[in-house]
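Structure first, then comments.
The values are calculated or read from the model by the stated rules, or taken from the named source; none is laboratory data. The structure displayed is predicted, hence computed values, not measured ones. Here the Cβ positions follow ideal geometry from the backbone for every residue, glycine too, while neighbour counts run over all protein chains shown.
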Amino acid sequence: MSSNALNTRTKILNATWKLMEERRGVGVRMSDIAKAAGISRQAVYLHFSTRVDLLGATTKYVDEINGLDERLKVVTQAKSGFDALMAYVDVWGNYLPEIHGIAGALLAVRETDEAAKAAWDDCMSCHQSGCHDIVKALQSEGRLAANWTDSSATEMMWVLLSFQTWEQLTVECGWSNAQYITWMKSILVQTFVS
C-alpha cells in the first residue's frame, strides 16, 4: 500500500473515531466520514467496502494507537493464572477510560446499527477470550474456585469486567479508576480463586 493510501486510510479512521465519539454513534454515515476526512465518499469505499468493515477497522485502529497488544504482554507472560488475572484487571481497568468515547458510542447504537453491533461484538469477543484464558489457567493450576465451570466462570468474569459495569461505577457512582481496579481485583479473587 502506498504512503498516500496509508495517509488516506488513517484520515478515514481518525475521522470515524472522532465522529463516533462526538455523536455518540448516532447518524455517522459514510458521507459524513468522507467530509470529515476531506475526501470523496468513493475514496472511503475504496478503503472500506462496507460500514461494518470501517467500524471494525476503527476499533482495531483505536487499540493499535493505544498500544493494547503491547500492554497485554504482561498478561500473556504472567507466571500463573492469579498473576494473569491481576495483570488483566490492571490493563483492562486502565484501558477503559481511554476507549470510553468509542465504546460508549458503539454501545449506544448497537441495537439499531448493524455495523456498530458487529464492531462491539468483535471487541467483546476478544475481551471474553481474555477472560477465558485466565479461567483456563486457574483451572489447569487447580486454583479455580469450586462450583465454577469453565464457561460459567468465563461468562461471570466477562460480565463483572464489562464496560457497562466500569461505566456505572466510575461515571455514575463516582468511583476513581484506582478504586475500580482495587475492588475488581478483590471481588474477582474472592469469586474465582481458591
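State yes or no: is ARG23 on the phi < 0 side of the Ramachandran plot and without any contact (Cβ under 8 Å) to a residue 12 or more places away in the chain? Walk me through it before giving the result.
On the way: on the phi < 0 side of the Ramachandran plot: yes; without any contact (Cβ under 8 Å) to a residue 12 or more places away in the chain: no.
Against the criterion (on the phi < 0 side of the Ramachandran plot and without any contact (Cβ under 8 Å) to a residue 12 or more places away in the chain), ARG23 does not qualify.
Take the conditions over 14 Å from MET20 (Cβ atoms) and among the β-branched types (Val, Ile, Thr) and apply them to THR112. Does it pass?
yes
Looking only at region 4-16, which residues are surrounded by fewer than 20 Cβ atoms within 10 Å (Cβ to Cβ) and under 23 Å from the mean Cα position of the chain (by Cα)?
Looking only at region 4-16, we keep the residues that are surrounded by fewer than 20 Cβ atoms within 10 Å (Cβ to Cβ), and these are 4-11, 14.
ARG9, THR10, LYS11, ASN14 - these are the residues of region 4-16 that are surrounded by fewer than 20 Cβ atoms within 10 Å (Cβ to Cβ) and under 23 Å from the mean Cα position of the chain (by Cα).
Can you name the residue in region 20-42 that is crowded, with 21+ Cβ neighbours inside 10 Å and part of a helix (DSSP H, G or I) and, of all such residues, is modelled with the lowest pLDDT? Before you say what the answer is, go through the steps one by one.
Filtering region 20-42 down to residues crowded, with 21+ Cβ neighbours inside 10 Å leaves 20, 25, 28, 33, 37.
Imposing the further condition that a residue be part of a helix (DSSP H, G or I) reduces the set to 20, 33, 37.
Details: MET20: 88, ILE33: 93, ALA37: 94.
In this case the residue turns out to be MET20.
Condition (residue is of a type outside the set (D, E, K, R) and touching a residue at least 60 places away in the same chain (Cβ under 8 Å)) applied to region 122-131: is it met by at least one residue? Talk me through it step by step, then tell me what you get.
Within region 122-131, the subset of a type outside the set (D, E, K, R) is 123-131.
The next check asks that each one be touching a residue at least 60 places away in the same chain (Cβ under 8 Å); those that pass are 123.
Yes: region 122-131 contains one or more residues that are of a type outside the set (D, E, K, R) and touching a residue at least 60 places away in the same chain (Cβ under 8 Å).
Would you kindly identify the helices (runs of 4 or more DSSP H) lying entirely within region 49-119 that contain at least 3 residues that are surrounded by 18 or more Cβ atoms within 10 Å (Cβ to Cβ), modelled with pLDDT of 90 or more and under 13 Å from the mean Cα position of the chain (by Cα)? Talk me through it step by step, then tell me what you get.
Working: elements: 51-65, 68-76, 81-109.
The qualifying helices (runs of 4 or more DSSP H) are 51-65, 81-109.
Cβ contacts < 7 Å: first residue closer than 24 Å to SER140 by Cβ, restricted to region 65-94; second residue at pLDDT 95 or above and surrounded by fewer than 14 Cβ atoms within 10 Å (Cβ to Cβ), any location; separation 6+ or different chain. Result?
Matching pairs, first to second residue: SER80/GLU141; GLY81/GLU141.
Do we find a residue being surrounded by 14 or more Cβ atoms within 10 Å (Cβ to Cβ), more than 19 Å from the chain's Cα centre (by Cα), under 22 Å from ASP69 (Cα atoms) and not β-branched (Val, Ile, Thr) anywhere in region 123-137?
Yes, that holds for at least one residue.
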